[in-house]
Amino acid sequence: MVRGFPRAHRTMADLLAVAIYTPEGTLWRGDAESVSSVNSEGPFDILPDHANFLTLIARAPISIVAQDGMKEFSLERAVLYISGNVVSVYASVRTPSDVPGHPR
């Protein structure tokens, strides 16, 4: 439940548009209820209508609560930017655990 509305009654304004980009291409893109990670100041969460925000993420997972379930990405280094309910993550490289077929 977000802002008192059951999942079925949410609008696009209640969601974040999230995209994670690497030099190889788009790693993931979709709508999300929240994005969480850790920067040099500590853990943080991003919800719809969050203030504009720019941060660096180093060796910390990015957790996304998507409409189809929880997604987690482990990135070596990334820049995360949010503006107007659009979250863009620019990652330099993925860690081996995010490479398809790589043992975790």
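So here's what we get for this one:
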quantity: Top-ranked residue in region 43-53 [being not in a loop (DSSP other than H, G, I, E, B) and not charged (D, E, K, R); ranked as farthest from Ser83 (Cα to Cα)]; calculated: Pro43
quantity: Checklist (1) at pLDDT below 95; (2) in a strand (DSSP E or B) applied to Leu56, failing item; calculated: (1)
quantity: Every residue from region 66-95 that is of a type outside the set (D, E, K, R), loosely packed, with under 13 Cβ neighbours inside 10 Å and within 16 Å of Glu33 (Cβ to Cβ); calculated: Gln67, Gly69, Met70, Val86
quantity: Condition check for Asp45: at pLDDT 90 or above, charged (D, E, K, R) and surrounded by fewer than 16 Cβ atoms within 10 Å (Cβ to Cβ); calculated: yes
quantity: Members of region 11-66 found to be polar (S, T, N, Q) and without any contact (Cβ under 8 Å) to a residue 60 or more places away in the chain, listed by number; calculated: Thr11, Thr26, Ser34, Ser36, Ser37, Asn39, Ser40, Asn52, Thr55, Ser63
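The values are calculated or read from the model by the stated rules, or taken from the named source; none is laboratory data. Note that the structure is predicted; figures quoted are calculated from it, not measured. Cβ: placed from backbone, ideal geometry, glycine included. Neighbour counts: every protein chain shown.
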